[in-house]
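The values are calculated or read from the model by the stated rules, or taken from the named source; none is laboratory data. Predicted model, so just to flag it, every value in this text is computed and none were measured. Positions of Cβ are backbone-derived with ideal geometry, glycine not excepted, and every protein chain shown enters the neighbour counts. Accessible surface areas use protein heavy atoms only, side chains included; no ligands, DNA or RNA. Shrake-Rupley method; radii C 1.70, N 1.55, O 1.52, S 1.80 Å.
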Amino acid sequence: MVKLTINGQQHEVTADPDTPLLYVLRDELALNGAKFGCGLGQCGACTVMVDGKAVFSCVTPILLLEGRQVTTVEGLGTHDNPGPMQRAFIAEQAAQCGYCIAGMMMRAQALLQDNPAVSDADIRAALQPNLCRCGTHMRILRAVRRAARLMQTADAGSASKNQ
Amino acid sequence: MIPRTIAASLLATAIVVAAYLALAWQPAVDPITPPDRASFDPALVRQGEKLAALGNCNVCHTAPGGKIFAGGRALTTPFGTIYSTNITPDPEIGMGAWSEAAFRRSMREGVDRAGRHLYPAFPYDHFTLVTAEDDEALYAFLMTREPVRTAIPANQLPFPYNMRILLAGWKLLFLQRGPYHPDQAQSEEWNRGAYLVEGLAHCGACHTPRNGLGAEKTRERFAGGESEGWTAYALNAQSPAPVPWDADQLYDYLRNGWQAVHGVPRGPMAAVIDDLGSADDADLRAIATYLASMIGEPAPQRRRQGDAALAQARRGTEGASTTGSIDLMRQRAATEPDNENGLGAKVYRSACAECHERGRPLPFGGLRLALSTAIEGPNPRNIINVVLAGLPAAPGGEPSPMMPGFSGALSDEQLTALLAYLRARFSDKPQWTDIAKEVRDAGTGARPVIAYPSHGIGAAPADVRERMSPW
């Protein structure tokens, strides 16, 4: 039994402690935002935050995560009340197929939570581990810049309730 | 009236100062109009290109994400930060106004065209061995590059290190001028290797420890040094590689960027290997021959340890495709309960073993850690760097070794336990004493972890390369 704190909620999961977090999120907890891409920590589709830092959930066994705060894209806001990162991605229509987007948002969230006043070069460098195959890179960059503006204003909304 | 002794000592001081100034003063070499590119012999330019690759000029003289040879890369030294110079033919910022004589003087004496002493971050203590012919080819290559005008940040060096005039004294103490004198007792190939390794390739700049004034300790040649937070392993009899290196393995590693029983380069060495892709085979053979002679024939005990490491790695491979690996772990858990049931073992099994024991061959599979030089190394820094930052993919989508970084996923406590476990399980050497502090320093940035992209793979095994075609 491993105790996990995900989006502020406690879970006791029965999966083997060696199990990668991604499988637990998707198969046991029905948190399907994080996606399986490569399974090797090379594409970023599975990115979530652990204690505010972006990690690849596909290569992170849950035994590492007891006592730590896991945040998934579901923790950034809800359908009815999306957080600033989600609002920015919607406003910029940054998704085409959308498979990479949850991971993109989580890595960008980790970046901006640490420092919302980032440069364009910082954003590009930070998002380097995350791949998008449709080619909406420019929209993704615009969305992250928009989210940075939102997060620097009082408009931060409900986004960081779990951090 | 001033007493005679004081007058005499003042006079003596004045003489010494004057002598030093005379020694330190270097004339400017007259500027030239940048030569027409067509005036250089294309064969000479090609020769210079190969030499520039052996010298890794681009690694220091290119800023991250910047134009090649345009300089501006921050080089952190114990004395402060030095920004590399622009060596494109731009006449104002770069070397456009440099004559060949000015270039040769910089290589041999560490003085720029205007007569300023250069910091030995530019390894003229090695380049002084480069022949006039090779300097000519390098000059032809660099002067036919695209001129780039970029602002280079000012060096951040506190007093007295910002006083270039002091470098004349440094040179007096530490600069042994060339040329290279061949050792007649050795083969031509060995001498070629020595000329390159000690000269243009400046391997000792990282692999030899430095003294308090930043000069290489000549008596501890190739005893291991460091570069940008990465440990450069010893390339002499103290080489910590589990399997003793021989010339064929060294050639393999330098030519292909990976070696089946040694692994892949990372950190600054990945950038070095990237460049060697364009070097001549014969030169790489020569370098391997010379370095193998520096490492020397392994003692019988060293060879036995190497065989044991190989056997341990093979055992892992046999068990990899079945549950054999888990059985092995259970066996070990029974015999070494403290190490095998601890947090470090759990982290290794769940986060590392999947790639490092799966049996997928190098360069894309993980190295058996029984073969890891890093685990035998003098400190855990390189493993910390690799575990935290991973092996970032080579630029441009080129196939390359890879590993995800675990920064963020592993807590300091987990990483510390993992490192202690790896050392205890895979090395006979005593436990590292300072793991927790090393981990903390990497986490807080007290020791910055500078990740280098992986080098591209020119010669992966056939069965791996086949997977590069579309599915």
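Structural remarks
- Here the protein assembly as shown is treated with +1 on each Lys and Arg Cβ and -1 on each Asp and Glu Cβ, and its dipole about the Cα centre works out to around 1060 debye.
- For the protein assembly as shown, the Kirkwood radius over C-alpha pairs fed into Stokes-Einstein at 4 °C and 1.567 mPa s yields D = 48 µm² per second.
- The distance separating the Cα centre of region B:163-180 from that of region B:420-445 comes to 38 Å.
- Chain B: relative contact order as a whole-number percent, Cα under 8 Å and 6+ apart: 13 percent
- Close amide-amide hydrogen proximity is noted between B:G71 and B:T62, B:A63, B:I87, each under 5 Å apart and 5 or more residues distant or on a separate chain (H modeled in the peptide plane; Pro and chain starts excluded).
- Farthest towards the positive end of the charge dipole of region A:2-158, among the residues A:T78, A:A54, A:M104, is the Cα of A:M104, using unit charges on the Cβ of Lys, Arg, Asp and Glu.
- With every protein chain in place, region A:2-158: carbon and sulfur % of accessible area (1.4 Å): 49 percent
- Each residue of region B:92-97 was assigned a 3J(HN,Hα) from its phi angle through the Karplus curve 6.51 cos²θ - 1.76 cosθ + 1.60 (θ = phi - 60°); the sequence is 9, 8, x, 9, x, 8 Hz, with glycine and proline shown as x.
- Scalar couplings 3J(HN,Hα) for region A:30-47, obtained by applying the Karplus form with A = 6.51, B = -1.76, C = 1.60 to θ = phi - 60°, are 6, 9, 9, x, 5, 10, 7, x, 9, x, 10, x, 10, 10, x, 4, 9, 4 Hz; x denotes Gly and Pro.
- Average beta-carbon neighbours from other chains, 10 Å sphere, peptide A:101-109: 0
- Remark: mean inter-chain Cβ contacts per residue of B:398-404 equal 3, using a 10 Å Cβ-Cβ cutoff to other protein chain atoms.
- Ranked by the mean number of other Cβ atoms within 10 Å of their residues, highest first, the peptides B:167-176, B:233-242, B:111-120 fall in the order B:233-242, B:111-120, B:167-176.
- The alpha-carbon of B:K67 sits under 20 angstrom from the alpha-carbons of these aspartates and glutamates, leaving out residues fewer than 8 places away in its chain: A:D120, A:D122, B:E49, B:D90, B:E92, B:E146, B:D274, B:D275, B:E398.
- Between amide H atoms placed 1.01 Å from N, distances below 5 Å from B:Y83 occur with B:L75, B:N155, B:Q156, all of them 5 or more places distant or on a separate chain.
- Shielding score for A:50-59, defined as the mean number of other chain Cβ atoms within 10 Å: 4
- Share of pairwise Cα separations in region A:1-76, more than 21 Å, in percent: 12 percent
- Phi angles across region B:176-185 convert, under the Karplus curve 6.51 cos²θ - 1.76 cosθ + 1.60 with θ = phi - 60°, into 3J(HN,Hα) values of 9, 6, x, x, 6, 9, x, 8, 5, 6 Hz, Gly and Pro given as x.
- Compared with the direct C-alpha span, the chain from B:Q186 to B:Q26 gains 53.8 nm at full extension, assuming 0.36 nm per residue.
- Over all directions, the projected convex hull of the C-alpha atoms in chain B averages 28.8 nm² in area.
- Kirkwood Rh in Å, taken over region B:25-174 so that all alpha-carbon pairs contribute: 15.7 Å
- Solvent-accessible surface ranking, highest first, for A:C134, A:C58 at 1.4 angstrom: A:C134, A:C58
- Mean-position separation - Cα centroids, region B:376-415 and region A:39-65, in angstrom: 14 Å
- For chain B, the membrane-span-like helices by this rule, meaning whole DSSP H stretches whose C-alpha atoms cover at least 20 Å of axis and whose Kyte-Doolittle mean is 1.0 or above, are B:4-24; this says nothing about an actual membrane.
- When both region B:220-290 and region B:91-112 are represented by their alpha-carbon centers, they are found 30 Å apart.
- Surface share of carbon and sulfur [accessible, 1.4 angstrom probe, percent] for chain B: 57 percent
- Pairing chains A and B buries close to 1200 square angstrom of accessible surface in total, based on protein heavy atoms and a 1.4 angstrom probe.
- Take region A:2-158 with all the other protein chains still there, run a 1.4 Å probe, and you get 45 Å² of accessible area per residue.
- Candidate lysines - alpha carbon under 19 Å from A:K3, same-chain residues fewer than 8 apart omitted: B:K346
- Measuring nothing but alpha carbons in region B:188-295 and taking Rh as the Kirkwood radius, the Rg to Rh ratio lands at 0.94.
- Residues whose placed amide H lies under 5 Å from that of B:A232, excluding near-sequence neighbours: B:G225, B:E226, B:S227
- Packing-based ranking, highest mean first, of B:413-425, B:73-85 given that Cβ atoms within 10 Å are counted: B:413-425, B:73-85
- Note: relative contact order over region A:2-158, using C-alpha pairs below 8 Å and six or more positions apart, is 25 percent.
- Three-way shape label, region B:27-96, alpha-carbon gyration tensor, a/c 1.5: oblate
- Volume per residue that the Cα convex hull of chain A spans, once the total is divided by residue count, Å³: 99 Å³
- Counting DSSP beta bridges with both ends in chain A, the antiparallel % (nearest 5): 85 percent
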